[in-house]
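Here the structure comes first, spelled out in C-alpha cells, and everything after it is commentary.
The values are calculated or read from the model by the stated rules, or taken from the named source; none is laboratory data. For clarity, every value in this text was computed on a predicted model and none was experimentally measured. Positions of Cβ are generated from backbone atoms using ideal geometry, with glycine treated the same way; all protein chains shown enter the neighbour counts. Just so you know, the surface numbers come from the protein's heavy atoms only, side chains and all, with ligands and any DNA or RNA stripped out. Shrake-Rupley method; radii C 1.70, N 1.55, O 1.52, S 1.80 Å.
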Amino acid sequence: MDFDLNEEQEMLKTMARDFLSKECPKSLVREMVKDERGYPPELWRKMAELGWLGLIFPKKYGGLGGSFLDLAVLLEEMGRACLPGPFFSTVILSGLFILNAGTEQQKRELLTKVADGEVILTLALTEPSARYDAASVEVEAIGDDNDYIISGTKLFIPDAHIADYMICIARTNKGTVLEDGITAFLVDSRSPGINCTVLKTIAGDKLCEIIFNRVRVPRKNIVGELAQAWAPLENTLQQAALVKCAEMVGGAQQVLEMSADYAKERMVFGRPLGSFPVIHHYIANMVMDVDGCRFLTYEAAWKLSESLPCTMEIAMAKAWTSDAYRRVTALGQQIFGGVGFIEDHDMPLYFRRAKAAEVTLGDGNLHRELVARQLGL
Amino acid sequence: MDFKEYSVGESDTEEEAEFRQEVRDFLDKQLTPDVLEKIHQERDHYYEGRPHVREFSRKLGAKGWLVPHWPEEYGGLGRSLAHRRIIIEELSSRGAPVGGGIGTSIVGPVIMLHATEEQKREFLPKIARGEMELSLGYSEPNAGTDLASLEMRAVSDGDDYVINGQKIYSTGAHEATHHWLAARTSVDAPKHRGISLFIVNLASPGVTVRPLWTMAGERTNEVFYDDVRVPKKNRIGEENQGWSYLREALGFERMALSGMVNVRRIVDELIQYAKETEHNGKPLAKDPIVRQSLAQLAIESSIRRLFGHRTSWLMSKGIVPDVAAAIAKVWGNELDQRVGNAGMQILGLYSQLEPDSKWTPLRGSVEHLYRFAVHLSYGGGSHELMRSLIATRCMGLPREPRV
C-alpha cells in the first residue's frame, strides 16, 4: 500500500495547479459559460504544448504514454479549476474510444492530431432516451454503395458545435442481440444534412442536439470494425466515468478548502463560524466524503493502470462520487450562506457542476445497479 | 500510489513462511473443532463470561503470539508486526478470535511509552502472556464524553494511594484481573491537569463489581472503589499528567474499535441470502430496492477498507494517524449501524427473530448487529468529538472556546 503520488505525479499536480490558476481564472470560466464557442483556443494550444492532450496516449501515437493514475492527477486539477472546453469530449470520450476501437492507421492519424491540438472531436452516443445502454442506440446507418447514410437524432452531445469531427454511434443492423450491429462512424461536422443546436445547461456545458438528416459518410470512415463498436464503447464509457470521478474529486476538494477557509474567517456571535461544533461536523462530513471519493477513484485508476479488472471498482467510484460531490457542495452552500448563493461567487460554479457531473455517464442509481450485477445479484 | 492487496502468504519472506507453518501446526493441534465450537458459542450467545475465549488467548500468550512484535525482555518475541499479522490471518481464516485485547492494544503501548523500566519489566510480560487481563476504568456517572470531569479520588498516603469513587461501563471488569484506571490526584489543578493513571488489581479489598446488562445482551459493569489501597509503583507515568497519556490511549482504542465488526462478512452473507431467498417465485436479489441497498453497502465497505489501509500505511511510516484513525472509526462504526439497519430491512419480519428459532436467518447476526452497533458511535470517543477532531486537526478550524 502506498497512498502517496510518485515524484512525477507530484510535479504534474503542482505544475497543473500553477498553470491553471494563472491561465484559467474563474473570470475566464464565467466568460466561457457565456461565450458561444465555450473555450479559449489560446489555452487549448498551451495545453497541447504541455502534452496534456496526449498524456494518456502511447508515444507512438504522439502521446506521452501516461497512465490512468497520471490522468487522474491532471483531471483532479482541471476539476478544481472548473476548466472549460472540449478536453473531456475530445481527449477522453473520443480519444479513448479511438484508442480502444480504432485501426492502427486511425490511431496514428487521429490521436496524433488530438495530442497536437489540431482537431476537436466529440462522441455522439446518447439520444432522446438519454441512456448509455446498447438498446438506446436507435440512430440508423444504412449501407449505400461505398457510403452509409445516417439518420436520426443525437442528444446531449458535448461540444458538437465546435467539433471538427464527431464519432457517431449508429445501428447498422437490427438483430436480436442489441449489442451487435452497432458501428462507429467518423463524421465530418460540415457534412450536408447535419443540424446542430447548442442547449443551455445547468453548468454551462455546451451540450448539443444533432439531427442527422440522411448524412452520407464514406465506408472508410468506420472507426474500427463494422458492427463491433459496442465492446470498445463500453470499455471507453467505463474509463471516461472514472476520469470524470477524478475531475469531481478535484472540485469537491476545492469546495472543502474554500468552505473551511471561510468558516475560519467569518465572525458570527462574536467568534469564528468555524468554532461552532455544528460547522466542525459539516466539515468533517465533507472531509470523509472527499477522502472516500478520492480513494475509490484512485484505487480504480491504479487497477486500470495495472491492467487489472476493475469494472466493479469504477462503478463503485462513480456511484459514490456522484452523490458525495453533490453532498459536499450542498454543505458548502450551507456554510457560505447567502454569499454563496450570489451568482458571481465561486460556489455556484461548483454546485452547478456537481449536478451536471452526477448525471453524466450514469448517476448513483445506475452505477449501483452495475455494482449489484458485479456482486452476482 | 499502490493499492496492491496481497493474498494470505503471498508476501511472506522465507522466515515468515516458516513461522506461518509453525502457527498452522499449533492451531491444528490446539484449535480443535470442539474448542472452536465452544468459542463460537461464547461469541454468538450473550454471555456472562468467556472462559474458553480467554483460555485460548492465554495459550497464544504463552507462545508470545499476542505480541510477537514486542521486545523479548517485555514478553514479546522481538519480531516484526508482520508476525502478528500472520497470526491474525491464520486465526481469522479458521473463524477464531485473534486474542489479546485491551492489554495488548491499548494499555501495553501506553506503558511502553511512559512507564519506568521497572514497571515495563513487571507488567508487560504479564500482558504479553495473557495473564494480566485489563478492563478500562474511565467513564463515571458524571463523566462520559467529557472524561476530564471525572471525580474518582486518589489520595497519596505513604507508599500507596487510597482510592474512592465509582466507575461505569467497565466492560469485562468481572473477568479481568486488573483495572486500567483514571483517577483524580489533584483537585486544585484545572481538570485536565489533575488526573493520573493506575493499574489496579481488581481483587483488592474495597473493589466491588456489579453487572449492567446492555441492550446488545452483553454485560458491562459498575465498579465501586471504597478505600482501595493501590501501591504507588502501580501509577503509570507522572502524577497529574494522566490526561496526555489518556489521549494516546484513546487513539489506540479508536484504531482497535474501527475494525471491531467484520461488517463486510455480514454484507456478503446478506448478498448470499438475497440470492437464495424467493418471494412469490422471484429471488429477493431481483428487487431493485434490495439491489441498490446491497450495492451501496458494498461500496461503503470498500471505503471502510481503504480508510483502514490508510491508517495502517501511516503507521507503517511511523506517523501517528490521529485524524486518519478518527475518520476510520467514525466511518466504520456508522457503517456498522447502517449495515445493521439495511440488513434488518432486507430480512423484513424475519429480522426480529433471535438465534434460537429454526426460522432465524443468518444465525441472528443482523439482529444482534442492529442492537450492538448503537453504542459504537459514542463508545471510545463520541462521534461528535471525533468530527470536531477531524475538522480542527485536518482542516484547521478553530476549537470551540472552553467554558
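Since B:Asn333 meets every condition but one in (1) crowded, with 21+ Cβ neighbours inside 10 Å; (2) of a type in the set (S, T, N, Q); (3) facing chain A (nearest Cβ under 10 Å), which condition does it not meet? Exception for B:Asn333: condition (3).
Okay, residues lined up against (1) in contact with a Lys or Arg (Cβ under 7 Å, 6 or more places away or on another chain); (2) outside any helix (DSSP H, G or I); (3) open to solvent by 30 Å² or more (accessible area, probe 1.4 Å); (4) at pLDDT 95 or above:
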| site | (1), (2), (3), (4) |
| --- | --- |
| B:Ile319 | no, yes, yes, no |
| B:Val323 | yes, no, no, no |
| B:Ile327 | no, no, no, yes |
| B:Gln337 | no, no, yes, yes |
| B:Gly340 | no, no, no, yes |
| B:Lys358 | no, yes, yes, yes |
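Conditions tested, residue by residue: (1) more than 22 Å from B:Ile199 (Cα to Cα); (2) among the charged types (D, E, K, R).
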site: B:Gly78; (1), (2): yes, no
site: B:His83; (1), (2): yes, no
site: B:Ile87; (1), (2): yes, no
site: B:Gly103; (1), (2): no, no
site: B:Leu113; (1), (2): no, no
site: B:Arg121; (1), (2): no, yes
site: B:Ala143; (1), (2): no, no
site: B:Ala148; (1), (2): no, no
site: B:Glu151; (1), (2): no, yes
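Residues that are under 30 Å from A:Asp4 (Cα atoms), exposed (fewer than 14 other Cβ atoms within 10 Å of the Cβ) and more than 14 Å from chain A (Cβ to nearest Cβ) within the stretch B:11-32 comprise B:Thr13, B:Glu14, B:Glu15, B:Ala17, listed in sequence order.
Taken over the stretch A:16-27, the residue count meeting the criterion of being without any contact (Cβ under 8 Å) to a residue 24 or more places away in the chain and surrounded by 12 or more Cβ atoms within 10 Å (Cβ to Cβ) is 2. Do we have A:Arg131 as open to solvent by 10 Å² or more (accessible area, probe 1.4 Å) and over 17 Å from the mean Cα position of the chain (by Cα) here? For A:Arg131, the condition - open to solvent by 10 Å² or more (accessible area, probe 1.4 Å) and over 17 Å from the mean Cα position of the chain (by Cα) - is not met. Scanning the stretch B:373-386 finds one or more residues that are within 24 Å of A:Tyr282 (Cβ to Cβ) and polar (S, T, N, Q). Just one of (1) more than 14 Å from every other protein chain (Cβ to nearest Cβ); (2) within 24 Å of A:Lys206 (Cβ to Cβ) fails for A:Glu76. It is (1). Residue count for the stretch B:109-163 under the criterion of being β-branched (Val, Ile, Thr), over 30 Å from B:Trp65 (Cβ atoms) and part of a loop (DSSP other than H, G, I, E, B): the result is 1.
If you go through the stretch B:1-10 and keep only what is more than 11 Å from chain A (Cβ to nearest Cβ) and either under 26 Å from A:Leu5 (Cα atoms) or over 29 Å from the mean Cα position of the chain (by Cα) (or both), you end up with B:Ser7, B:Glu10.
With the requirement that a residue be assigned to a loop (DSSP other than H, G, I, E, B) and either in contact with a helix residue (DSSP H, G or I) (Cβ under 7 Å, 6 or more places away or on another chain) or under 19 Å from B:Arg20 (Cβ atoms) (or both), what does the stretch B:69-86 give you? Answer for the stretch B:69-86, where residues must be assigned to a loop (DSSP other than H, G, I, E, B) and either in contact with a helix residue (DSSP H, G or I) (Cβ under 7 Å, 6 or more places away or on another chain) or under 19 Å from B:Arg20 (Cβ atoms) (or both): B:His69, B:Trp70, B:Gly75, B:Gly76, B:Leu77, B:Gly78, B:Arg79, B:Ser80. Hey, does the stretch A:272-287 have a residue that's surrounded by fewer than 22 Cβ atoms within 10 Å (Cβ to Cβ), free of Cβ contacts under 8 Å to residues at least 24 places away in the same chain and more than 8 Å from chain B (Cβ to nearest Cβ)? Yes.
Just one of the listed residues (B:Arg54, B:Arg43) is more than 17 Å from B:Glu89 (Cβ to Cβ), open to solvent by 40 Å² or more (accessible area, probe 1.4 Å), part of a helix (DSSP H, G or I) and in contact (Cβ under 8 Å) with a residue 60 or more places away in the chain, namely B:Arg54.
Within the stretch B:199-230, the set of residues being outside any strand (DSSP E or B), of a type outside the set (Gly, Ala, Ser) and open to solvent by 70 Å² or more (accessible area, probe 1.4 Å) comprises B:Pro205, B:Met215. Filtering the stretch A:344-366 to residues that are at the interface with chain B (Cβ under 10 Å from one of its Cβ atoms) and open to solvent by 10 Å² or more (accessible area, probe 1.4 Å) leaves only A:Asn365. Scanning the stretch A:330-343 for residues that are touching a Gly at 6+ places or on another chain (Cβ under 8 Å) and surrounded by fewer than 24 Cβ atoms within 10 Å (Cβ to Cβ) yields A:Gln333, A:Gly340. The number of residues in the stretch B:340-384 that are within 26 Å of B:Ser105 (Cα to Cα) and either of a type in the set (A, V, I, L, M) or more than 25 Å from the chain's Cα centre (by Cα) (or both) comes to 4.
The criterion of being in contact (Cβ under 8 Å) with a residue 40 or more places away in the chain, in a loop (DSSP other than H, G, I, E, B), within 23 Å of the chain's Cα centre (by Cα) and within 21 Å of B:Leu134 (Cα to Cα) holds for B:Leu66. Contact annotation: residue pairs with Cβ atoms under 7 Å, 6 or more positions apart or on different chains, pairing a residue in the stretch A:171-200 that is in a strand (DSSP E or B) with a partner that is open to solvent by 80 Å² or more (accessible area, probe 1.4 Å) and among the charged types (D, E, K, R), are A:Arg171/A:Glu138. None of A:Phe295, A:Phe336 is over 15 Å from A:Ala354 (Cβ atoms) and either more than 11 Å from chain B (Cβ to nearest Cβ) or over 16 Å from the mean Cα position of the chain (by Cα) (or both) except A:Phe295.
If you go through the stretch B:278-299 and pick out every residue that is crowded, with 16+ Cβ neighbours inside 10 Å and either more than 14 Å from every other protein chain (Cβ to nearest Cβ) or β-branched (Val, Ile, Thr) (or both), you end up with 2. Taking the conditions exactly as written (more than 9 Å from chain A (Cβ to nearest Cβ), surrounded by 18 or more Cβ atoms within 10 Å (Cβ to Cβ), of a type in the set (Gly, Ala, Ser) and part of a helix (DSSP H, G or I)), does B:Gly348 satisfy them or not? For B:Gly348, the condition - more than 9 Å from chain A (Cβ to nearest Cβ), surrounded by 18 or more Cβ atoms within 10 Å (Cβ to Cβ), of a type in the set (Gly, Ala, Ser) and part of a helix (DSSP H, G or I) - is not met.
Does any residue of the stretch A:60-68 turn out to be open to solvent by 10 Å² or more (accessible area, probe 1.4 Å), within 14 Å of another protein chain (Cβ to nearest Cβ) and within 22 Å of A:Leu361 (Cα to Cα)? Within the stretch A:60-68, one or more residues are open to solvent by 10 Å² or more (accessible area, probe 1.4 Å), within 14 Å of another protein chain (Cβ to nearest Cβ) and within 22 Å of A:Leu361 (Cα to Cα).
Within the stretch B:108-126, residues that are in contact (Cβ under 8 Å) with a residue 60 or more places away in the chain and β-branched (Val, Ile, Thr) have Cβ atoms under 9 Å from residues that are open to solvent by 30 Å² or more (accessible area, probe 1.4 Å) and in a helix (DSSP H, G or I) in these pairs: B:Val110/B:Glu248; B:Val110/B:Phe252; B:Ile111/B:Lys120, counting only partners at least 6 apart in sequence or on another chain.
Of A:Leu93, A:Leu83, A:Leu155, A:Leu75, all but one fail to be farther than 30 Å from A:Val255 by Cα and in contact (Cβ under 8 Å) with a residue 12 or more places away in the chain; the exception is A:Leu155.
Do we have any residue at all in the stretch A:305-322 that's open to solvent by less than 10 Å² (accessible area, probe 1.4 Å), away from chain B (no Cβ under 14 Å) and under 29 Å from B:Ala391 (Cα atoms)? No, every residue in the stretch A:305-322 fails to be open to solvent by less than 10 Å² (accessible area, probe 1.4 Å), away from chain B (no Cβ under 14 Å) and under 29 Å from B:Ala391 (Cα atoms).
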